[in-house]
Structure formats: structure tokens, C-alpha cells
Amino acid sequence: MKSVAGAEADSANAEIPGSGSGTFSVWGDVRLTADAFLRARVQGNVQAAKKLVLAPSAEVSGRVQGGDVCVQGKIEGGLEATGQVWIQAGATLRKQCVAQALRIEPGSDFRGELRVGVVRA
Amino acid sequence: MSVIISKIEVLCPECGCAQLESENFLSTVCRGCGCYFKSSRAAGARRRKVKRKAIQKRELSCADCGAVQEVALEAQSSTCLSCGRHLELGHREILGEHLGNISLEGELRIGPKGNYGGSRARAARIVLEGRSSGFLEAPEFLRVSGQTRIRSGASGGLLEIQPGSVLECGDRVDFVSGRIEGELRCPVANFDGPLSIGPTGSVVAGKIQFQELTVEPGGKIQGWAESRAQEGAPAD
């Protein structure tokens, strides 16, 4: 198992690597300033400035923030997106989902507070 | 007055013996071999089969016992073959105050000034434009148009709230699917299948359950929510 403490990526298309040769874990928060594809386990929060895809192998124990977010993996600490959110079959999302538009596919697992298209008071 | 009956020559199909018979004969016995045979007209060789118009039928389930029977498509009423209950198959419209339970297999329309004051109304299709104190059950669909209110709950197939319309429900709503273009406010909203919220739609509920959810840009949903597992999906 490979692990690093915290991560930051700002290339044009960032990719936090995954489990090609084992599980890649990040202990701490991850900040992504470009479109990103996340395949790692993150013990912390993930903050993406633009589009974010969480692969089926991705697991985030904390909160995920982003623009448009596509969830195929697992988020334990809630998701807050400024754009659209897709929660695909096999994905798990807990605690909260805040978005401007949302699609939850059959076969996904969501449980928590849902706030879509509602501006926080 | 005597009537001349014209004769025709017929051949026995067995021995080929010829004999004269009335031109309208249907059957006879051969005078040569004693064989009984029918005329070609009686045998139906030339008779064109005219199919009776098939009566179109539909399945009907009793609101009380649930027994299923077939009734003609045009039937206005029937009796349950299982429990004997009278089944009203037509449509009904409530334009004022209505008390008492309703159970019909057709369409129930509660007009803008209508108020259903009974405890339970069941109709295959319900169009709600006014108010209801009682529970509404619509196995096919409940269509909401205008500013409406149900003091108790509702259940059925499809819940459809049209743009600009509001449904305020005092108790839980249980439907198979939902298409929300207007506003839905209720304590619990449960959809066994897909729930779709259009660009003008809004759902505010204490608890929302669904199997599949789509909220288009502009649409709103707020509440504690839970996605339901697909039927037949393996349990963890």
C-alpha cells in the first residue's frame, strides 16, 4: 500500500493515481485546481475547483466539494457541488448532497440530507 | 295455386349416381347406395364465415377483495364475482361538497371549487384541482392541477404535478413514480420507482424515498432522503 500525507494537483487534467499496483491512500486533505479523476482512498476532505470524477475504487472519508461531480465510488462525509451531480449505480454517498442539478441512478446508495437547487439561507 | 319447385341434378359423392333434388336441398340420401350426404351449401363450402365482432374486454380488480375479472370495455358497472360488490366503472366529477366514500374504476375529477369530504376515494385516475379531506387512491395516476390540498395522504401509480400547481399533503404520499413540475409539500414522500423533478418543480418533504431521482437544472428538492434498493438486487 502506498500512502502520502495530503495532496495538491493543478495540472490541466489532474489524476490522483489509483490501484494499478495496490491501494493508494492519502492521509489528509486533497485540493484539486483542475478537472480531476480520483481513484485513491482519501482519509480527509477533497476540494475540487472544477469537474471531479470519483472512480469506483475511490473512497473519501471526509467531505467532497466541487463543480460538477460524478460519483462512482464512496463518500462518507457528504458532497457539496456548485454544478451538477451524478451518483451512478454502485456508488455510495452519505450525510449530505448539495447541488444545482442531480441524477441518482438506480442501484446507488444514498442516505442523508438532500438539497438541490436551494440557495442556503 | 301450385308452386313449381325447380330441380337440380346432384351426384352422390360415394357411388356417383345422379338424382334430382330441389335446388334448395340441404341433405339427402342416395337412391343408389343409401349414402347420406349434404349439399355443398349445407356443408359450408361456399358459405362465407362471418366473424362476430369480438367484444373487447379489460381486466377489472375489485376494490374490496381484489379479485380480478374481465368486463366489456364499454361496461358502465359490474358486480364482483367473488364478493358481490357493486363496481362502478364510469367517471365522476365533484364540483361542490361531497361526503361519503367513493370507489370507481373510471376517472374522478375534483374541480377547483370541489371538496371531497369523505374518508377515502378510490378511482383508477384522479384529477385533483380542489381539496380533499380524505385519503385519495389512484392506481393509475393522480394528476394535480391548481392550488390543491389533501388533508390526509394519497397513494397510487403516477403522481403528476403540473407546472404552477401546488399539492400540500397532510400525511405521507406513496406512489410508484412521480413527475413533479409544480410544488409538492408533505411530511413523507415515498416512490417505489423513479422520481423526476422538472425545471419548475419543487419537493419539500421531511423524508423522501425513491429508487431513482432526477432533478433537472432549476428544479428543487429539500429534505432527508434515502435511495431504495432495486427489487431483486442482492442484499449486502
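The values are calculated or read from the model by the stated rules, or taken from the named source; none is laboratory data. What you are looking at is a predicted structure, and each value in this text was computed from that prediction instead of being measured. Note that we place each Cβ from the backbone using ideal geometry, even for glycine, and neighbour counts take in every protein chain shown. We work out accessible area using only protein heavy atoms, side chains counted, and drop any ligands, DNA or RNA first. Shrake-Rupley method; radii C 1.70, N 1.55, O 1.52, S 1.80 Å.
Determine whether A:R63 is in contact with a strand residue (DSSP E or B) (Cβ under 8 Å, 6 or more places away or on another chain) and more than 8 Å from every other protein chain (Cβ to nearest Cβ). Spell out the reasoning first.
Values: in contact with a strand residue (DSSP E or B) (Cβ under 8 Å, 6 or more places away or on another chain): yes; more than 8 Å from every other protein chain (Cβ to nearest Cβ): yes.
When the stated conditions are applied, A:R63 passes them.
Check B:L108, B:L81, B:L60, B:L73 and return the single one that is under 29 Å from B:T148 (Cα atoms) and of a type outside the set (G, A, S).
B:L108
Could you tell me which numbered condition B:C65 fails, if it satisfies all but one of (1) at pLDDT below 85; (2) open to solvent by 100 Å² or more (accessible area, probe 1.4 Å)?
So B:C65 meets the others, but not (2).
Could you check the stretch A:47-74 and list, in sequence order, the residues that are within 27 Å of B:G218 (Cβ to Cβ) and part of a strand (DSSP E or B)?
Across the stretch A:47-74, the qualifying residues are A:Q47, A:A48, A:L52, A:V53, A:L54, A:V64, A:Q65, A:G66, A:V69, A:C70, A:V71.
Let's see how each residue does on (1) on the phi > 0 side of the Ramachandran plot; (2) open to solvent by 10 Å² or more (accessible area, probe 1.4 Å):
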site: A:N45; (1), (2): no, yes
site: A:K50; (1), (2): no, yes
site: A:V53; (1), (2): no, yes
site: A:E59; (1), (2): no, yes
site: A:Q88; (1), (2): no, yes
site: A:K95; (1), (2): yes, yes
site: A:A99; (1), (2): no, no
site: A:I104; (1), (2): no, no
site: A:L114; (1), (2): no, no
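Limited to the stretch B:92-118, what total is found for residues that are within 30 Å of B:I55 (Cβ to Cβ) and surrounded by 16 or more Cβ atoms within 10 Å (Cβ to Cβ)?
7
Just one of (1) of a type outside the set (A, V, I, L, M); (2) more than 21 Å from A:R39 (Cα to Cα); (3) touching a residue at least 24 places away in the same chain (Cβ under 8 Å) trips up A:G78, so point out which.
That leaves (2) as the condition not met.
Quick check, is A:V26 more than 11 Å from the chain's Cα centre (by Cα), away from chain B (no Cβ under 12 Å) and open to solvent by less than 10 Å² (accessible area, probe 1.4 Å)?
Considered against the rule, which asks whether it is more than 11 Å from the chain's Cα centre (by Cα), away from chain B (no Cβ under 12 Å) and open to solvent by less than 10 Å² (accessible area, probe 1.4 Å), A:V26 comes out as yes.
Which residue, of B:R172, B:R149, B:R179, is open to solvent by 60 Å² or more (accessible area, probe 1.4 Å) and at pLDDT 95 or above?
B:R179
Yes or no, residue by residue, for (1) in contact with a strand residue (DSSP E or B) (Cβ under 8 Å, 6 or more places away or on another chain); (2) of a type in the set (A, V, I, L, M, F, W, C):
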site	(1), (2)
B:G96	yes, no
B:S103	yes, no
B:E107	yes, no
B:P112	no, no
B:Y116	yes, no
B:E129	yes, no
B:F141	yes, yes
B:R179	yes, no
B:E183	yes, no
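Pairs needed: first member in the stretch B:96-119, on the phi > 0 side of the Ramachandran plot; second member anywhere, open to solvent by less than 40 Å² (accessible area, probe 1.4 Å) and small (G, A, S); C-beta distance under 9 Å; at least 6 residues apart or different chains.
B:G100/B:G117; B:G100/B:G118
What single numbered condition from (1) within 19 Å of B:G134 (Cβ to Cβ); (2) touching a Lys or Arg at 6+ places or on another chain (Cβ under 7 Å) fails to hold for B:E160?
The one condition B:E160 does not meet is (1).
For the stretch A:75-121, enumerate the residues that are more than 7 Å from every other protein chain (Cβ to nearest Cβ), in a loop (DSSP other than H, G, I, E, B) and polar (S, T, N, Q).
Answer for the stretch A:75-121, where residues must be more than 7 Å from every other protein chain (Cβ to nearest Cβ), in a loop (DSSP other than H, G, I, E, B) and polar (S, T, N, Q): A:T82, A:Q88.
Show me the strands (runs of 3 or more DSSP E) found entirely inside the stretch B:122-236 where at least 1 residues are within 14 Å of chain A (Cβ to nearest Cβ).
Because the criterion is at least 1 residues that are within 14 Å of chain A (Cβ to nearest Cβ), the strands (runs of 3 or more DSSP E) in the stretch B:122-236 that meet it are B:173-180, B:183-191, B:194-197, B:202-210, B:212-215, B:220-227.
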